[in-house]
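Chemist: Can you keep this structure in mind? I'll have questions shortly.
The values are calculated or read from the model by the stated rules, or taken from the named source; none is laboratory data. Treat the numbers as computed from the prediction; the structure is a model and nothing was measured. A quick note on method: Cβ atoms are made from the backbone with ideal geometry, for glycine too, and the neighbour counts reach across all protein chains shown. Each accessible area value is taken on the protein alone, full model and side chains, heavy atoms only, with ligands, DNA and RNA left out. Shrake-Rupley method; radii C 1.70, N 1.55, O 1.52, S 1.80 Å.
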Amino acid sequence: MLIAKPEFYQAEIAGEAFSLPIIQLDDRRAIALLMVIDMGVRFGDIVGEAIARHFGPFKPDIVVGSATLGIPIAIEVSRRLGKDQYVILQKSPKFHLADAMVEDVRSITTATPQRLLLDRRSITLLQGKRVLVVDDVVATGSSMAAAIRLVRRAGAEVLGAGVILTEGHSWRDALGKDAELIESLGHIPQFDVVDGVATPDPATESGAWPGGAPRLARTASR
Ligand SMILES: Nc1ncnc2[nH]cnc12
């Protein structure tokens, strides 16, 4: 069944309200879509500042972001941490990445299985370093788990993972102990489509924060 009329979800991100369009994935499921590249320069400022402010005291050496929508976040956060270099984990197997380190990914917004690639020339930037991983949304946790595996395979320590939104809670199982590394600026539910209306999935939201909501979502108000 299709969503009958356009719906929006009011998400709180770093203490500010943003209206996200609800987009149908299939007959039964929908998501509140956060397209970072459509949110404007001010949004980049807000999220870059909030993530850098939280993780700055942990003294990351370098920021790693996953293509595609983690790229602007990696740049904004690196700028505020005073770092010139950052590392991007790529998705498309470009010609110069034939020999890349590879990890498999399965995302809810992309139908086909994907891979995350680390250019071996970037390993020297990561080896022995303290790394902050950033991304736009952690949903299944599959992309974040792959990013963490790649960073560790490169010989780095992952000190934390900063995301704009957590979405639903299945990422906790996918990440296991590494779920503790996640700090988000906000949270969105996943949606069931019932009689043409998108409804937050109660099964994933009730009692979903056993240890309380993430620190960053609670304290990021400006
Ligand atoms: N809600 C969302 N918006 C944008 N990208 C996503 N990837 C997974 N969930 C998403």
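Chemist: When you go through A179, A156 one by one, which is the residue that is surrounded by fewer than 21 Cβ atoms within 10 Å (Cβ to Cβ) and out of contact with any His (no Cβ under 8 Å at 6 or more places or on another chain)?
Modeler: The conditions single out A179.
Chemist: Report whether or not I148 is open to solvent by less than 10 Å² (accessible area, probe 1.4 Å) and without any contact (Cβ under 8 Å) to a residue 40 or more places away in the chain.
Modeler: Yes: the conditions hold for I148.
Chemist: Which members of region 1-20 meet the condition of being at negative phi and surrounded by 15 or more Cβ atoms within 10 Å (Cβ to Cβ)?
Modeler: I3, E7, Y9, A11, E12, I13, E16, F18, L20
Chemist: Find all pairs meeting these conditions: Cβ atoms under 9 angstrom apart; at least six residues apart or on different chains; first residue within region 185-206 and among the small types (G, A, S); second residue surrounded by fewer than 16 Cβ atoms within 10 Å (Cβ to Cβ) and in a loop (DSSP other than H, G, I, E, B).
Modeler: Once the first residue is among the small types (G, A, S) and sits in region 185-206, its partners that are surrounded by fewer than 16 Cβ atoms within 10 Å (Cβ to Cβ) and in a loop (DSSP other than H, G, I, E, B) give G186/G15; G196/M1; G196/L2; G196/I3; G196/A4; G196/K5; A198/I3.
Chemist: Hey, another quick one. Outside any strand (DSSP E or B), in contact with a Pro (Cβ under 7 Å, 6 or more places away or on another chain) and modelled with pLDDT of 95 or more: which single residue out of I51, I46, I37 fits that description?
Modeler: Only one candidate qualifies: I37.
Chemist: Another question, then. Quick one: A67 ticks every box in (1) over 27 Å from Q190 (Cβ atoms); (2) within 15 Å of the ligand (Cβ to nearest atom) bar one, so which box is it?
Modeler: (1)
Chemist: Given L132, L126, which one is within 18 Å of the chain's Cα centre (by Cα), more than 16 Å from the ligand (Cβ to nearest atom) and not polar (S, T, N, Q)?
Modeler: Details: L126 fails: within 18 Å of the chain's Cα centre (by Cα).
Within the list L132, L126, the selection yields L132.
Chemist: Further question: Does L116 qualify as being in contact (Cβ under 8 Å) with a residue 40 or more places away in the chain, within 16 Å of the ligand (Cβ to nearest atom) and surrounded by 15 or more Cβ atoms within 10 Å (Cβ to Cβ)?
Modeler: Yes: the conditions hold for L116.
Chemist: Of all residues in region 21-36 being surrounded by 12 or more Cβ atoms within 10 Å (Cβ to Cβ) and over 18 Å from S184 (Cβ atoms), which is farthest from the ligand (Cβ to nearest atom)?
Modeler: R28
Chemist: Which of the strands (runs of 3 or more DSSP E) found entirely inside region 116-188 contain at least 1 residues meeting this: farther than 23 Å from E12 by Cβ, at pLDDT below 95 and β-branched (V, I, T)?
Modeler: none
Chemist: Then there's this: Considering every residue within region 55-66, establish whether at least one is without any contact (Cβ under 8 Å) to a residue 60 or more places away in the chain, of a type in the set (G, A, S) and part of a helix (DSSP H, G or I).
Modeler: Looking through region 55-66, at least one residue is without any contact (Cβ under 8 Å) to a residue 60 or more places away in the chain, of a type in the set (G, A, S) and part of a helix (DSSP H, G or I).
Chemist: Let me ask something else. Got a sec? Which of Q90, Q10 is polar (S, T, N, Q) and under 30 Å from D195 (Cβ atoms)?
Modeler: From the options Q90, Q10, the qualifying one is Q10.
Chemist: Take the residues in region 81-91 that are touching a strand residue (DSSP E or B) at 6+ places or on another chain (Cβ under 8 Å) and of a type outside the set (A, V, I, L, M, F, W, C), then tell me which one is surrounded by the most Cβ atoms within 10 Å (Cβ to Cβ).
Modeler: It comes out as Y86.
Chemist: Here's another thing I want to ask about it. Restricted to region 97-113, and to residues that are open to solvent by less than 90 Å² (accessible area, probe 1.4 Å) and either over 21 Å from the mean Cα position of the chain (by Cα) or more than 16 Å from the ligand (Cβ to nearest atom) (or both), which residue is nearest to Q24 (Cα to Cα)?
Modeler: Going through the qualifying residues, I end up with E103.
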